[in-house]
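Q: Before I ask anything, here is the structure I am working with.
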2 protein chains.
Amino acid sequence: MTSPRPLRADAARNRARIMTAAHEQITEHGPEVSMEQIAAAAGVAVGTLYKHFPNKNDLVASVVAASFETLADDAEECLRREVQGSPAMAELTGFLSRVMDTVARNRAVKAAAYALSADHTTHPAMQAVETRVTQALGGLIRSAQAQGALRADFTLDDLYLMLSSLPADQPPTARTRWLALLLTGLTAR
Amino acid sequence: MTSPRPLRADAARNRARIMTAAHEQITEHGPEVSMEQIAAAAGVAVGTLYKHFPNKNDLVASVVAASFETLADDAEECLRREVQGSPAMAELTGFLSRVMDTVARNRAVKAAAYALSADHTTHPAMQAVETRVTQALGGLIRSAQAQGALRADFTLDDLYLMLSSLPADQPPTARTRWLALLLTGLTAR
DNA sequence: CCATAACGTGAATGGTGCTTCATGTTGTAT
DNA sequence: ATACAACATGAAGCACCATTCACGTTATGG
């Protein structure tokens with residue numbers, strides 16, 4: 001299911017280079033960077049990009065999906081800590097804060113966060129990782145509510161709504177302030 | 001200061017057509033619509049656009065500034081009602097709600113709202129209108145706080161922060177929910 | 001070491017978009 | 001009514017970008 005044949009050694013190396021270069025370039029210049037620029041940053045020719053990805057859209061989607069994986073890792077890590085006794089609400093706010101910082105430095109992940117809440121016909125590569133995030137965050141929300149730290153009517157959709165609206169283009173102090181303002185409304189009274 | 005010479009009759013008519021067409025096209029397709037498309041919608045040739053605006057950027061900026069004017073009108077209207085006895089907090093939330101709806105249908109205004117809070121070296125045409133908005137909303141905030149309906153540490157910058165982060169791409173119900181979540185955190189306890 | 005399939009290359013193609021300018025048209029002052 | 005400045009036109013110039021493909025290169029199994 002994963003691969004009919006293993007990639008040739010140089011092909012694998014180039015694929016990795018392309019992914020990191022694409023990630024860097026998209027992070028720095030947004031998803032509108034040219035394929036030529038990504039190729040140059042990766043040290044390969046344009047044609048090579050098309051040997052690994054059918055078109056630009058798929059390349060960008062792959063980069064976004066990869067960023068998404070680390071987000072899912074973070075969420076699952078939070079849930080793990082919570083199970084071991086860490087306060088659920090603290091894990092939730094910590095997660096939010098980190099996501100905000102990540103997104104602030106990375107427009108590709110911003111697109112990903114947006115896709116999570118809005119574009120429910122996402123790229124196939126995104127489906128699996130979306131359920132991972134959903135599971136982890138859903139667990140955290142339920143625990144925080146059970147512990148009386150989060151208002152009872154708060155839902156997973158609300159969290160996605162927050163993720164999709166976080167002010168990524170603002171300076172760090174403004175971002176922190178934003179989170180603080182929202183949190184006072186979310187705490188159970 | 002305003003105009004060295006009055007525009008010729010047909011020139012004024014075309015300028016108006018261009019502005020409305022540009023507004024419509026940008027609203028519908030975003031700021032990346034082609035000049036050709038705007039020209040076609042206005043019923044003029046591309047060259048005419050360049051008779052009225054030095055380049056595309058200036059045309060878009062003019063459209064944004066125009067949208068901004070109606071936003072300023074709304075804010076001042078709110079302040080006027082407040083002075084006549086309407087509760088300041090209600091005016092404030094009403095304003096927010098309307099801005100959210102407007103932005104949801106109009107990416108150009110979204111860009112404007114973003115510019116207000118972030119890009120402080122904005123287009124010259126924006127300077128005057130920015131102070132209008134600042135005056136009106138600042139007054140509303142102070143009144144709402146004096147009336148004990150708004151937490152005392154809320155600032156104008158906080159309001160801009162909210163404006164810049166409102167989830168314009170979300171469906172109406174989600175937008176309302178977002179505002180409700182935020183407001184419970186803003187009300188004075 | 002060879003044969004060959006996998007891989008990499010980068011100039012060429014076709015498309016789109018912004019901007020300009022030489023030419024034609026029209027409002028308006030006299 | 002006339003003349004002229006103001007205005008409108010839209011094809012052409014120029015730059016950029018995604019994608020393709022015919023050909024050269026290289027890893028790898030035998």
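The values are calculated or read from the model by the stated rules, or taken from the named source; none is laboratory data. What you see is a predicted model, and the numbers here were worked out from it, not measured in a lab. Cβ coordinates were reconstructed from backbone atoms using ideal geometry, including for glycine residues, and neighbour counts include every protein chain displayed. With ligands, DNA and RNA removed, areas are computed over all heavy atoms of the protein, side chains included. Shrake-Rupley method; radii C 1.70, N 1.55, O 1.52, S 1.80 Å.
Q: Counting just the residues of the stretch A:61-88 that are at pLDDT below 95 and open to solvent by 30 Å² or more (accessible area, probe 1.4 Å), which one comes out farthest from DNA strand D (Cβ to nearest atom)?
A: Per the stated criteria, the residue is A:THR70.
Q: Let me ask something else about it. Somewhere in the stretch A:43-57, is a residue away from DNA strand D (no atom under 13 Å from the Cβ) and either touching a helix residue (DSSP H, G or I) at 6+ places or on another chain (Cβ under 6 Å) or over 30 Å from A:THR173 (Cβ atoms) (or both)?
A: Step one: list which residues in the stretch A:43-57 are away from DNA strand D (no atom under 13 Å from the Cβ), which gives A:43.
Checking which are either touching a helix residue (DSSP H, G or I) at 6+ places or on another chain (Cβ under 6 Å) or over 30 Å from A:THR173 (Cβ atoms) (or both) leaves us with A:43.
Within the stretch A:43-57 (the criterion being away from DNA strand D (no atom under 13 Å from the Cβ) and either touching a helix residue (DSSP H, G or I) at 6+ places or on another chain (Cβ under 6 Å) or over 30 Å from A:THR173 (Cβ atoms) (or both)), the answer is yes, since at least one residue qualifies.
Q: Quick one: is A:ARG142 in a helix (DSSP H, G or I), more than 7 Å from chain B (Cβ to nearest Cβ) and open to solvent by less than 20 Å² (accessible area, probe 1.4 Å)?
A: Criteria not met by A:ARG142.
Q: Can I ask one more? Could you count how many residues in the stretch A:145-161 are of a type in the set (Asp, Glu) and within 9 Å of another protein chain (Cβ to nearest Cβ)?
A: Total meeting the criteria: 2.
Q: Checking the conditions here, which among A:ARG17, A:ARG13, A:ARG8 is surrounded by 15 or more Cβ atoms within 10 Å (Cβ to Cβ), over 18 Å from A:LEU163 (Cβ atoms), charged (D, E, K, R) and within 16 Å of DNA strand D (Cβ to nearest atom)?
A: Just one listed residue meets the conditions, A:ARG17.
Q: Which condition number does B:GLU91 fail, the rest of (1) more than 16 Å from DNA strand D (Cβ to nearest atom); (2) open to solvent by 50 Å² or more (accessible area, probe 1.4 Å); (3) of a type in the set (D, E, K, R) being met?
A: That leaves (2) as the condition not met.
Q: Among the residues of the stretch B:20-29, write down those that are away from DNA strand C (no atom under 12 Å from the Cβ) and open to solvent by less than 20 Å² (accessible area, probe 1.4 Å).
A: The one that is away from DNA strand C (no atom under 12 Å from the Cβ) and open to solvent by less than 20 Å² (accessible area, probe 1.4 Å): B:ALA21.
Q: Which condition number does B:ALA66 fail, the rest of (1) within 17 Å of the chain's Cα centre (by Cα); (2) within 27 Å of B:GLY185 (Cβ to Cβ) being met?
A: Unmet for B:ALA66, out of (1) within 17 Å of the chain's Cα centre (by Cα); (2) within 27 Å of B:GLY185 (Cβ to Cβ): (2).
Q: Within the stretch A:30-56, can you find the residues that are part of a helix (DSSP H, G or I) and open to solvent by 70 Å² or more (accessible area, probe 1.4 Å)? Steps first, answer last, please.
A: Residues of the stretch A:30-56 that are part of a helix (DSSP H, G or I), as a first pass: A:35-42, A:46-52, A:56.
Matches in the stretch A:30-56: A:GLU36, A:GLN37, A:ALA40, A:TYR50, A:LYS51.
Q: Quick one: count up the residues across the stretch A:162-176 that are in a helix (DSSP H, G or I), buried (at least 16 other Cβ atoms within 10 Å of the Cβ) and more than 7 Å from every other protein chain (Cβ to nearest Cβ).
A: Summing the residues that are in a helix (DSSP H, G or I), buried (at least 16 other Cβ atoms within 10 Å of the Cβ) and more than 7 Å from every other protein chain (Cβ to nearest Cβ) in the stretch A:162-176 gives 3.
Q: Further question on the same structure: Counting just the residues of the stretch B:177-189 that are open to solvent by 20 Å² or more (accessible area, probe 1.4 Å) and touching a Leu at 6+ places or on another chain (Cβ under 9 Å), which one comes out farthest from the other protein chains (Cβ to nearest Cβ)? Explain how you work it out, then say what you get.
A: Let us first name the residues in the stretch B:177-189 that are open to solvent by 20 Å² or more (accessible area, probe 1.4 Å), namely B:177, B:180, B:183-184, B:187-189.
Narrowing further to those that are touching a Leu at 6+ places or on another chain (Cβ under 9 Å): B:177, B:183-184, B:187-188.
Numbers: B:ARG177: 7, B:LEU183: 7, B:THR184: 4, B:THR187: 9, B:ALA188: 11 Å.
The extreme case among them is B:ALA188.
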